[in-house]
Amino acid sequence: MDTLLADLAAVAGAEHVLTDPGVTAGYTTDWTRRYHGPARCVVRPAGTDEVAGVIRAAARHRTPVVPQGGNTGLVGGGVPARDGVAPVVLSCRRLLRLDPVDTLAAQVTAGAGVTIGGLHEHVARAGLEYGVDLAARDSATVGGTIATNAGGIRTVRYGGTRAQLLGVEAVLADGSVISRLGGVQTDNSGYELGQLLAGSEGTLGVITAARLRLWPAEPPAVTVLAGVSGIEAAAALQAEIRARVPGIRAAEYFEAPGVALVRAHAGLPRPLAREYPAYLLTEAGGRDHNAEIFTERMVAIPALDEASVALDPPGRAALWAYRERHTEAIGAAGIPHKLDVALPVTQLPAFRAALDAVTGDAKAIVFGHIGVGNVHVNVLGPEPGDNSVDEAVLGLAAAHGGTISAEHGIGHAKAALLHLSRSRAEIAAMRAVKSALDPAGLLNPGVLLAV
Ligand code: FAD
Ligand code: MLT
Ligand code: ZN
């Protein structure tokens with residue numbers, strides 16, 4: 001065994017240092033299969049001290065570290081790069097601390113490896129809910145969602161992951177541990193390092209646990225799937241629904257080509273009596289709200305052409321399947337170029353109108369969290385290594401005042417295009433932070449900031 005592996009085994013136990021390619025393959029290839037690269041090994045530490053030991057050992061051996069959670073990320077940030085020094089993949093999945101819910105403060109402390117689905121179940125038993133939810137809930141972790149500042153289907157209601165974060169525990173590149181898990185809600189004593197780590201994509205530290213804000217549970221009361229003529233109509237309809245109906249928990253958009261893929265993949269019937277160019281899925285809820293009032297108000301909206309209304313969990317799940325199964329249906333059809341942009345809502349129609357010319361003959365599936373201006377453009381056809389469509393779509397978003405990442409992050413995928421969203425001065429400031437906290441470039445080199 002080489003000395004790096006021996007040092008890692010001394011920290012985490014030999015059985016948690018994985019080198020068999022058959023076993024490590026699931027850690028070295030991303031969910032989309034577009035990004036993969038060789039690793040020296042995968043190490044699975046079980047606690048914060050072990051994470052610190054792994055970081056120190058890797059630093060001694062000048063070997064980069066790629067932190068990884070559930071490996072559901074969509075921008076290649078959680079797997080080794082194809083080129084360069086083969087890194088240690090530090091899997092956080094054994095960081096499974098899950099404290100009792102603090103019902104007085106409506107907070108909980110969770111380990112980085114706890115899945116979002118596991119967190120939901122845990123806090124539901126206390127009558128509370130966590131504000132972030134996404135279709136990858138059964139694999140995506142607390143640490144990974146903080147590191148990417150994940151959004152998802154509840155962002156329109158509660159904001160993204162940053163808005164849920166009260167503090168983190170993390171191991172920095174020098175092996176030191178920072179910890180703010182006390183749950184103080186208003187703390188103005190200097191730089192908020194937890195918020196800095198949110199969205200840092202594993203480049204500034206390894207998050208080992210977090211203190212998270214919770215909300216009173218608000219069971220969904222009604223889910224409505226409406227057929228619309230396109231993104232402009234969907235944006236107008238969701239604005240009207242939001243104005244009339246309190247407690248909107250989701251406002252999701254998708255189009256006919258995506259529905260066709262989902263139907264073929266999952267064997268589902270047509271969602272509405274006739275086919276529409278596009279669809280808006282809206283969900284409202286609330287403890288004190290009456291589903292019938294919601295329904296009455298929603299279906300009374302004149303712009304609603306045809307809609308399916310679900311009031312019970314099986315009915316809601318049936319409507320959600322058309323939206324939530326997009327990712328797997330697209331993945332089953334090929335290796336997609338996943339482009340996650342957000343625009344000012346007023347710019348959505350112009351962006352959508354220009355998109356078809358940019359994607360050309362390739363198949364473009366458009367869907368997303370329209371309630372927060374977030375559009376996912378998935379392009380099937382171009383070779384995985386061909387970035388021209390990525391550059392064209394992201395450039396189009398930037399030209400319409402948008403960002404090249406709403407929620408998935410930058411990863412390896414968009415590091416060279418960060419300048420489309422961030423000014424020179426901003427990128428210089430980010431580089432200064434990176435080199436102050438990680439002068440040797442140990443953590444996730446090439447992710448977020450191109451090397
Ligand atoms: P990973 O994929 O393992 O890692 C992601 C990044 O975080 C990498 O850069 C990695 O280095 C870093 N990282 C991971 N753990 C740590 C840690 N403990 N400390 C420091 N850095 C760390 N995303 C959304 O935002 N909204 C959605 O609605 C959404 N839906 C999805 C649906 C599906 C079906 C799939 C497959 C993905 C979806 N995603 C979505 C993308 C993905 O789930 C998120 O990016 C998620 O936050 C990744 O979490 P993870 O635990 O899988 O992290
Ligand atoms: C979603 O909203 O479904 C996710 O962000 C995943 C994806 O973009 O495929
Ligand atoms: Zn999304």
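The values are calculated or read from the model by the stated rules, or taken from the named source; none is laboratory data. Worth saying up front: this structure is predicted, and the values here are computed from it rather than measured. Using ideal geometry, Cβ is built from the backbone for each residue, glycine included, and neighbour counts are taken over all protein chains shown. Accessible surface areas use protein heavy atoms only, side chains included; no ligands, DNA or RNA. Shrake-Rupley method; radii C 1.70, N 1.55, O 1.52, S 1.80 Å.
Here are some notes:
- Modelled FRET efficiency - R0 51 Å, Ala243 with Asp49, Cβ distances, 0.05 increments: 0.45
- Selection from Ser200, Val228, Gly331 lying farthest towards where the dipole of the chain points positive, charges on Cβ: Ser200
- The stretch 368-426, accessible surface, carbon-and-sulfur percent (1.4 angstrom probe): 50 percent
- Rolling a 1.4 Å probe over the heavy atoms of the protein chains gives the stretch 1-112 an accessible area of 43 Å² per residue.
- Rolling a 1.4 Å probe over the heavy atoms of the protein chains gives the stretch 191-263 an accessible area of 30 Å² per residue.
- Debye intensity ratio I(q)/I(0), log10, the stretch 187-236, q values 0.18, 0.25, 0.27 Å⁻¹ (C-alpha model): -0.78, -1.02, -1.13
- Using a simple spin-label model with pseudo-atoms 7 Å out from Cα toward Cβ, Glu383 and Ala273 lie 5.0 nm apart.
- Additional length obtainable on full extension of the chain from Lys363 to Ala392, 0.36 nm per residue less Cα span: 9.0 nm
- Computed lengthening from Val85 to Ser229, 0.36 nm per intervening residue step minus Cα-Cα distance: 46.8 nm
- In the context of the full protein assembly, Glu15 retains an accessible surface of approximately 130 Å², using a probe radius of 1.4 Å and ignoring ligands and nucleic acids.
- Whichever lysines have a C-alpha closer than 23 Å to that of Lys363, once near sequence neighbours (fewer than 8 apart) are set aside: Lys338, Lys414
- The stretch 1-156 - percent of accessible surface contributed by carbon and sulfur, probe 1.4 Å: 53 percent
- Note on the chain: Rg/Rh from Cα positions, Kirkwood definition for Rh, rounded to two decimals, is 0.97.
- Approximating the spin labels as points 7 Å out from Cα along Cα→Cβ, the Asp187-to-Ala332 distance works out to 4.5 nm.
- Computed with a 1.4 Å probe over protein heavy atoms only, the accessible surface of the stretch 314-451 comes to 39 Å² per residue.
- Semi-axis lengths, largest first, of the ellipsoid equivalent to the stretch 367-451 are 25, 16, 12 Å, with √(5λ) applied to each eigenvalue of the Cα gyration tensor.
- Placing unit charges on the Cβ atoms only, positive for Lys and Arg and negative for Asp and Glu, gives the chain a dipole magnitude near 360 debye about its Cα centre.
- Span-rule helices in the chain, defined as complete DSSP H runs reaching 30 Å or more along the axis (Cα) with Kyte mean at least 1.6: none
- The stretch 172-328 - percent of accessible surface contributed by carbon and sulfur, probe 1.4 Å: 53 percent
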